[in-house]
Amino acid sequence: MQRHDHDHDHLSVETLREALTAGFWDERYGGSDRVWSGRPNQRLVEQVADLEPGTALDVACGEGGDAIWLAKQGWRVTAVDVSQVALAKVAAHAEQEGVDDRLRLGFYDALADPRPAGRHTFDLVTVSFLHVPVDDFGAIYRGIAAAVAPGGRLLVTAHHPEDVATGARHDHGPGLLFEPDRVLATLGADQPDSEWEVEVADTPDRVQETVDGPLAVRDTVVRLRRR
Ligand SMILES: C[S@@+](CC[C@H](N)C(=O)[O-])C[C@H]1O[C@@H](n2cnc3c(N)ncnc32)[C@H](O)[C@@H]1O
């Protein structure tokens with residue numbers, strides 16, 4: 001993702017929720033500033049490298065860089081997002097890349113129903129950079145985690161809050177960025193008898209290319225396996 005240009009300091013919960021609507025994202029994806037890079041997120045590539053391809057769900061897939069990369073690796077992918085404009089782009093790119101037979105698309109509004117795929121479950125559920133208000137976090141991330149099949153994995157990638165402290169990123173709003181601990185606590189993965197095995201709970205740094213040049217940023221990366 002590119003560095004955001006908007007200053008999100010001191011936003012109300014209502015305003016934060018507006019930033020989770022189809023209207024907001026359709027406008028962003030319809031704008032000329034968002035260009036398909038085709039690149040998957042670095043953390044997805046790192047974390048999926050040692051997994052055997054199976055079924056995958058990409059939640060809040062955006063323009064589909066991750067979903068199409070997964071399909072190319074042999075995964076049978078379902079990609080969902082609130083923006084129909086984004087989904088139309090994913091469909092077009094998937095056809096261009098010759099993976100449309102391995103990719104299904106679906107509408108998902110996390111605020112309306114946190115479960116992204118009804119009762120369906122997947123070997124891998126991945127969600128990259130879906131930042132939601134703290135009060136909605138539990139319901140949404142538990143809904144997403146419910147889509148992981150027994151023995152399957154949940155991969156969560158997000159911006160780390162320290163990016164705001166270091167000035168690398170504008171504030172998305174209070175509590176929108178999160179550390180691995182929030183994911184673990186939300187799913188009870190920090191408990192000894194948890195149904196989740198914590199495979200990765202990390203905060204790695206990387207260099208992000210922006211219009212202003214290279215920028216050091218920190219990610220939150222959590223990979224869990226459902227026992
Ligand atoms: C920061 S982008 C990340 C996109 C993609 N995962 C990536 O890493 O490039 C956040 C994504 O969340 C989606 N989104 C926002 N609100 C949503 C909601 N209420 N339900 C589902 N997806 C939503 C947006 O349309 C957007 O594609």
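The values are calculated or read from the model by the stated rules, or taken from the named source; none is laboratory data. Since the structure is predicted, the reported quantities are computational estimates derived from the model, not experimental observations. Glycine also receives a Cβ, built like all others from the backbone with ideal geometry; neighbour counts cover every protein chain displayed.
Here the condition is being more than 22 Å from GLU46 (Cα to Cα), of a type in the set (D, E, K, R) and within 13 Å of the ligand (Cβ to nearest atom); of ASP136, ASP100, ASP190, ASP171, it holds for ASP136 alone.
Residues of segment 82-97 being more than 11 Å from the ligand (Cβ to nearest atom) and either within 14 Å of ALA22 (Cβ to Cβ) or not polar (S, T, N, Q) (or both), which ones? Spell out how you get there, then give the answer.
Filtering segment 82-97 for residues more than 11 Å from the ligand (Cβ to nearest atom) gives 88, 91-97.
Across segment 82-97, the qualifying residues are ALA88, ALA91, ALA92, HIS93, ALA94, GLU95, GLU97.
Taken together, the residues in segment 204-227 that are surrounded by fewer than 16 Cβ atoms within 10 Å (Cβ to Cβ), out of contact with any helix residue (DSSP H, G or I) (no Cβ under 7 Å at 6 or more places or on another chain) and at negative phi amount to 10.
From ASP58, ASP81, which residue is buried (at least 16 other Cβ atoms within 10 Å of the Cβ) and touching a Gly at 6+ places or on another chain (Cβ under 7 Å)?
Numbers: ASP58 fails: touching a Gly at 6+ places or on another chain (Cβ under 7 Å).
Unique residue meeting the criteria: ASP81.
Here's a check for you: in segment 114-130, which residue that is touching a residue at least 12 places away in the same chain (Cβ under 8 Å) and over 25 Å from THR203 (Cα atoms) is farthest from the ligand (Cβ to nearest atom)?
Applying the first criterion (touching a residue at least 12 places away in the same chain (Cβ under 8 Å)) to segment 114-130 yields 114-117, 120-130.
Those left that are additionally over 25 Å from THR203 (Cα atoms): 114-117, 120-122.
On the way: PRO114: 9, ARG115: 11, PRO116: 8, ALA117: 12, HIS120: 16, THR121: 18, PHE122: 16 Å.
Checking each candidate, the answer is THR121.
Applying the criterion of being within 11 Å of the ligand (Cβ to nearest atom) and among the acidic types (Asp, Glu) to the residues of segment 25-41, the residue that is surrounded by the most Cβ atoms within 10 Å (Cβ to Cβ) is ASP26.
Report yes if ASP109 is over 17 Å from TRP196 (Cβ atoms) and either more than 15 Å from the ligand (Cβ to nearest atom) or modelled with pLDDT of 95 or more (or both), otherwise no. Spelling it out, ASP109 is indeed over 17 Å from TRP196 (Cβ atoms) and either more than 15 Å from the ligand (Cβ to nearest atom) or modelled with pLDDT of 95 or more (or both). Scanning segment 10-45 for residues that are touching a strand residue (DSSP E or B) at 6+ places or on another chain (Cβ under 8 Å) and either acidic (Asp, Glu) or modelled with pLDDT of 95 or more (or both) gives ASN41, GLN42, ARG43, LEU44. Scanning segment 70-81 turns up no residue that is more than 16 Å from the ligand (Cβ to nearest atom), free of Cβ contacts under 8 Å to residues at least 12 places away in the same chain and of a type in the set (Gly, Ala, Ser). Would a scan of segment 42-61 turn up a residue that is near the ligand (Cβ under 9 Å from one of its atoms), on the phi > 0 side of the Ramachandran plot, touching a Lys or Arg at 6+ places or on another chain (Cβ under 8 Å) and not in a helix (DSSP H, G or I)? Checked against the condition, which is being near the ligand (Cβ under 9 Å from one of its atoms), on the phi > 0 side of the Ramachandran plot, touching a Lys or Arg at 6+ places or on another chain (Cβ under 8 Å) and not in a helix (DSSP H, G or I), segment 42-61 yields no hits at all.
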